[in-house]
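Here the structure is laid out as structure tokens; the discussion comes afterwards.
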Amino acid sequence: MPIITLTSDFGLKDHYVSAVKGSIYNELPEGNIVDISHLIPPCDILQGAYIFSNAWPHFPKGTIHIVAVNAVSTVEHPHVGVLYDGHYFIGNDNGLFSLIFQRPPELVVEFNLRQDTNTLTFPTRDVFVKAACHLARGGTLEILGQRKEALTQRSRLHQPPGDLNIRGNIIYIDSVGNLVTDITLSVFKDTGKGRPFTIEIAGYNIDRIVGKYSEVADGEMLAFFNSSGFLEIAQNKGSAVKSLKKTMNETIRIEFRTDQGR
């Protein structure tokens, strides 16, 4: 039986997560459910994409991923099922999936599933679970709706062509206070082209990228590219978010110099 993962913005206080799991077990008593996170801030597509993108590739092919972040559908953003790299993804076509895929998916289907209840406010239980259990039993994605040509596109970092510097944003703050930005290693290399640089954040300047915390003194700020390829700002044996007093969506700037340090 394939694994079914759950990612949502439901939180842990209410009954929603348990109701979804109970609905899955009603259809698949032998089901194998894994929680990725239910603490995504409500409707926060960027944080949802970041957390989910760091987890799903580590699951085996054939895994079915329910992603319920801003899950209620609209005409512009319908419910979809996606086949990508041997995995199935179920959620709202609100741009989140476009943030986690490196290339176009093999198949996108817009659902036309009939709900068993009259409410439209709990699609994760009433639509996503039905689709996931169908796939887990060996059903095909195509039977769940109509083929959709493309997913809604959304990008993290808007880097104007020809811009010699980078202006990014903080998209996630982890449990130890590190600030994760939307600046990727590829954008950094393509824009910088090996030039000296200064990372500017909250009046603090960092002029090198390190590979590990111990390369700087205790209490010093540092910058590194994490295992997902995103620039992080951290503090050795401290909390960058507390020291810099920065919050989500605030700006970080990288200025590249043309003097090659002279």
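Using label points projected 7 Å from each Cα along Cα→Cβ, tell me how many nm separate Tyr25 and Asn165, to one decimal.
5.6 nm
Using the beta-carbon distance between Ala202 and Asp14 and R0 = 25 Å, what value does 1/(1 + (r/R0)^6) give for FRET efficiency, to the nearest 0.05?
That gives a FRET efficiency of 0.10.
Which pairs break 31 Å Cα to Cα here: Lys21/Lys212; Lys21/Lys61; Lys61/Lys148; Lys189/Lys237; Lys61/Lys237?
Lys21/Lys212; Lys61/Lys237
What's the long-distance tail for the range 166-256, i.e. % of Cα pairs beyond 16 Å?
48 percent
For the chain, what is the relative contact order in percent, using Cα pairs closer than 8 Å and at least 6 residues apart in sequence?
In percent, rounded to a whole number, it is 15.
Which of the peptides 99-107, 85-93, 181-189, 126-134 is most tightly packed, and how do the rest follow, going by the mean number of other Cβ atoms within 10 Å of each residue?
The most tightly packed comes first, giving 126-134, 85-93, 181-189, 99-107.
Report, for the chain, the % of DSSP beta bridges that are antiparallel, rounded to 5.
For the chain, the DSSP antiparallel bridge percentage is about 70.
Quote the Stokes-Einstein diffusion coefficient, in whole µm² s⁻¹, for the range 8-159, based on the Kirkwood radius over alpha carbon pairs, a temperature of 20 °C and a viscosity of 1.002 mPa s.
After rounding, the answer is 137 µm²/s.
Please report the net charge: other residues with Cβ closer than 12 Å to the Cβ of Ile252, K and R +1, D and E -1.
After counting each charged neighbour, the total is -2.
Could you tell me what fraction of 2.2 N^0.38 Å the Cα radius of gyration of the chain comes to, as a two-decimal ratio?
1.14
Each value in this text was obtained by applying a stated rule to the coordinates, not by laboratory testing. Because the structure is a prediction, the values reported are computed rather than measured. As a convention, Cβ positions derive from the backbone with ideal geometry for all residues, glycine included, and neighbour counts pool all protein chains shown.
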